[in-house]
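Here the structure is laid out as structure tokens; the discussion comes afterwards.
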Amino acid sequence: MNKVRIGIVGLGNMGRFHADYLLKGEVQNAVLTAVSDTFTRNLDFYRGKVAVFEDCSQMIRSGMIDAIIIATPHYLHTVLGIDALENGLHVLTEKPISVHKADCERLIAAHQKPGQIFAAMFQLRTDPKFIKIKHLIDSGELGQIVRINWINTDWFRTEAYYASGGWRATWKGEGGGVLLNQCPHNLDLMQWFFGMPSKVRGFCQLGRYHDIEVEDNVTAYFEYHNGATGIFITSTGETPGTNRLEIAATRGRLVFENGNLLFTRNEKDMKEFCQECKIGFAKPDVWNIEVPYAKTGAEHKLVTQNFVNAILNGETLIAPASEGIYSVELANSILYSSLIGEMVELPLDSSAYEAKLKDLIEHSTHVKKVREVVTEDFSKSFSQ
Ligand SMILES: NC(=O)c1ccc[n+]([C@@H]2O[C@H](COP(=O)([O-])OP(=O)(O)OC[C@H]3O[C@@H](n4cnc5c(N)ncnc54)[C@H](O)[C@@H]3O)[C@@H](O)[C@H]2O)c1
């Protein structure tokens, strides 16, 4: 194979975006050969350009594609992903890889065939500032991390956004709110940077700002195995909102905010200074360092290019889908803790959470109102 034939399922906001750069030839050695959507109007633009399928299972079995990008509502990532993997396709799934941890386990278990590539669309892992932060952590430059504080409240969404799809912001259609839709990227970065916490306490407000039944305002507390603690705050109801990531470590403090990455570096590691200094109120001297990084955005097509390169020549994946379980586990744990009113120990009991979610679906009384929305620049939704 010297060109990967790609099919896309789900031609809403995200699927159309992927189709657009593929049709423009912006991913090397890849060609869009088929698309699928159950809503036939969404297929019209593609008729005559590529093969179109109302039924994705036919596209999967058509012999016209080597790989599939899944950009449907989240629950279907599991169903369609398993079908595609079992039929030998390479799979790139949108985030979250599934709605809940038990579905992640089922999906990941279907990835069996040797040489089969299974990746997830975590494009923020290609963002230069986040790569820089990861490098500073992994290289030991920050010393030992003691506290993380991410206020991530610039995910503002209007009532029109929530009314734009029947599946959105319902337990049955989406399985959650801001934690499942906007935050999988941030939660993926949290686990990519810091690993998984051992304990999670969540406080979620359901429908605080919008006419929805799921969470749109969240505060979570994490405890890590080494004693470090973390706070993660998010909301789709605040504007202007804040995006401030502060990492306190023994070698200093790293802050990302307003596009700047600032490292206030202790001349001496805090632990050493604390033990050795003879004066009670002293502090180590600091250097203020503005950490440079390339001001390009995170690019979906970089992840797609990496997926294609992995298929053709074994390039290491930026975001293997198997790692997608962690952001889902964090989102589920925050919600579960809030719903039962207790701290949750990780690893999360995936069956207990699945049962809780089923219960929420069965007892839902919320009436979803759907309406057409004005077409707009969807890429505005990516900024972080
Ligand atoms: N990586 C990112 O930056 C990013 C950004 C936005 C959305 N997403 C993800 O992309 C996915 C889709 O989100 P969206 O905003 O495009 O939603 P959307 O509602 O705009 O589009 C979903 C599409 O899937 C189609 N669909 C539903 N069931 C189907 C089926 N069985 N077979 C084929 N098509 C089906 C719908 O008709 C619709 O066209 C979500 O999982 C979301 O989390 C990722």
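The values are calculated or read from the model by the stated rules, or taken from the named source; none is laboratory data. This is a predicted model, so every value here is computed, not measured. So basically every Cβ, Gly included, is an ideal-geometry build from the backbone, and we count neighbours across all protein chains shown.
Figures for the structure shown
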{"item": "Close pairs from the stretch 175-200: first at positive phi, partner not in a loop (DSSP other than H, G, I, E, B) and not polar (S, T, N, Q), Cβ under 7 Å, at least 6 apart", "result": "175/75; 175/357; 176/215; 176/331; 176/335"}
{"item": "Selected residue (only one of 273, 307, 281 is at pLDDT 95 or above and touching a His at 6+ places or on another chain (Cβ under 9 Å))", "result": "307"}
{"item": "Qualifying residue in the stretch 91-108 (condition: more than 9 Å from the ligand (Cβ to nearest atom), assigned to a loop (DSSP other than H, G, I, E, B), small (Gly, Ala, Ser) and within 28 Å of residue 335 (Cα to Cα))", "result": "yes"}
{"item": "Some residue of the stretch 27-34 being surrounded by 17 or more Cβ atoms within 10 Å (Cβ to Cβ), without any contact (Cβ under 8 Å) to a residue 40 or more places away in the chain, over 30 Å from residue 175 (Cα atoms) and over 25 Å from the mean Cα position of the chain (by Cα)", "result": "yes"}
{"item": "Filter pass, residue 148 being in contact (Cβ under 8 Å) with a residue 12 or more places away in the chain and away from the ligand (no atom under 16 Å from the Cβ)", "result": "yes"}
{"item": "Residue selected from the stretch 116-149 under the condition touching a strand residue (DSSP E or B) at 6+ places or on another chain (Cβ under 9 Å) and under 22 Å from residue 68 (Cβ atoms), by the criterion surrounded by the fewest Cβ atoms within 10 Å (Cβ to Cβ)", "result": "116"}
{"item": "Those residues of the stretch 338-365 which are more than 21 Å from residue 185 (Cβ to Cβ) and polar (S, T, N, Q), in sequence order", "result": "350, 351, 364, 365"}
{"item": "Any chance residue 92 is out of contact with any Lys or Arg (no Cβ under 9 Å at 6 or more places or on another chain) and of a type outside the set (Val, Ile, Thr)", "result": "yes"}
{"item": "Those residues of the stretch 165-224 which are within 16 Å of the ligand (Cβ to nearest atom) and part of a strand (DSSP E or B), in sequence order", "result": "215, 216"}
{"item": "Meets criteria (touching a strand residue (DSSP E or B) at 6+ places or on another chain (Cβ under 8 Å) and surrounded by fewer than 18 Cβ atoms within 10 Å (Cβ to Cβ)) for residue 111", "result": "yes"}
